[in-house]
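This report concerns only the one structure given below.
Every number here is computed from the coordinates shown, using simple stated rules; none is lab data. Please read all numbers here as calculations on a predicted model, not as lab measurements. When we count neighbours, we look across all protein chains shown, and the Cβ atoms used for this are built from the backbone with ideal geometry, even at glycine.
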Amino acid sequence: MNRRSLLAASGLAVAAPFLTRPSLAQGAGITGAGATFPNPVYQKWAEAGRAATGITVNYQSVGSGAGINQIKNRTVDFGATDAPLTVAQLEEAKLLQFPSVMGSLVPIVNIPGVANEQLKLTGELLADIYLGKITKWNDPRLVELNREVSLPNLAIAPAYRADGSGTTFVWVSYLSAVSSEWKSKVGVGTSVRFPAGTGARGNEGVAGTVKNIRGAIGYVENAYAITNKLVTTQLRNKAGQFVKPTQEAFIAAATNADWSAPGFAASLIDQQGATSWPIVSPTFILLPKDPADAERSRNVMKFFDWAFRNGATLAQELEYIPLPAPVQDRIRAAWKAEVKVNGQPVWTL
């Protein structure tokens, strides 16, 4: 079974419920909220890890912006975001930030007659589509790049995230890296004013919008594209090569990660390498440094410790990229050094 079939069989479709509901009878429970980008792997980890850890994870896929707000207000045990917080933001909110896994964004399209991974795009063309400068699929620039594809005289319908979104942060970080016009006119953020298109909530919403509208284009984490059998594209990378969104291309980009930045905020946007996929990013967990409940905080760390040790295969099946072992060790050291109650470390393992 190939990865597309495996993911489709996993049931992580647009219409499927993404919430793991806690059962008090099953033991300890922890709550988290935030990024939709890593939601498929968090749900798989929660399902597989429950028996091993005794911990039930209730993770709400509500978007990075909402997740950040909820952890700042301490209404959940952990938050999740694809857009890393700055040192100042972390200090103000008394939060520890660490990566959990790496994933990849892919453009998805709904163009009659165009097959999966057949269409070629560049970052500059994507920027111009979302700037509203390219409005038809048979635009001469697209036709010139795709001479072997029959592109219809069909309006392009861009879809983007309407909610505060780390996925959007990663997407527009890429567009800003490859288009000076995008950088100057729109810029980077978890929520930006898109010059063209229609908003939808969550990776699920964008995937559903593209699936249902002829001529649509959008951006989602790769697992959503595969699960929902959406048409992805090739992209030209920094080396000038057109690459397909494959696990090998994602890993090629991830090998260049520099984890020395504060808050583990490594950037993998538009990395060097002939085989590198240009839109790869870590996703992050936010954990209070001063938890009100030491046991619940310890259970959050226990869950992610289990995921780091045992969840790599599940992550790879969903086409995410596990963290290198040395990074995992640095994260455990940060837990011990920075998360404390009454001056005592919560993580002692």
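Relative to the longest principal axis of the Cα atoms of the chain, helix 325-338 runs at roughly 50 degrees. Per residue, the average separation of C-alpha pairs within less than 8 Å and at least 6 apart gives the range 105-255 a relative contact order of 37 percent. The alpha carbons of the range 105-255 stretch over 36, 35, 32 Å along the principal axes, in descending order.
The alpha-carbon of Lys133 sits under 28 angstrom from the alpha-carbons of these lysines, leaving out residues fewer than 8 places away in its chain: Lys120, Lys183, Lys185, Lys211, Lys238, Lys244.
Cα-based radius of gyration for the range 176-311, normalised by 2.2 N^0.38 Å, reads 1.27. Using alpha-carbon pairs under 8 Å, 6+ residues apart, how would you state the relative contact order of the range 252-313 in percent? Contact order relative to length: 22 percent.
Please give the FRET efficiency for Arg214 paired with Thr255, using the beta carbon to beta carbon distance and R0 = 35 Å, rounded to the nearest 0.05. Walk me through the numbers before you get to the answer.
On the way: r = 38 Å, r/R0 = 1.10.
The pair Arg214/Thr255 has a calculated efficiency of 0.35.
If R0 is 51 Å, the Cβ-Cβ spacing of Val143 and Arg74 corresponds to a FRET efficiency of close to 0.40. Cα-based radius of gyration for the chain, normalised by 2.2 N^0.38 Å, reads 0.98. On the basis of the beta-carbon distance and an R0 of 41 Å, Ala294 and Arg201 show a calculated FRET efficiency of 0.75.
The residue list Trp171, Thr135, Val220 was ranked by how far each Cα lies along the charge dipole of the range 105-255 toward its positive end, using unit charges on Cβ atoms, and Thr135 comes out on top. Annotation for the range 164-267: trypsin sites (Lys or Arg not before Pro) lying in DSSP loop with at most 10 further Cβ atoms inside 10 Å of their Cβ are Arg193. Any chance you could give the angle, 0 to 90 degrees and rounded to 10, that helix 166-178 forms with the longest Cα principal axis of the chain? Orientation of helix 166-178: about 50 degrees from the principal axis. In loop segments of the range 51-128 as defined by DSSP, the trypsin sites (Lys or Arg not before Pro) with at most 15 further C-beta atoms inside 10 Å of their C-beta are Arg74, Lys94. For the peptides 298-305, 251-258, 339-346, the ranking by mean Cβ contacts within 10 Å, running from highest to lowest, is 298-305, 251-258, 339-346.
Taking the longest Cα principal axis of the chain as reference, the axis of helix 294-310 is set at about 50 degrees.
I'd like the antiparallel share, as a percent to the nearest 5, of DSSP beta bridges with both residues in the range 25-182. The antiparallel proportion sits near 10 percent.
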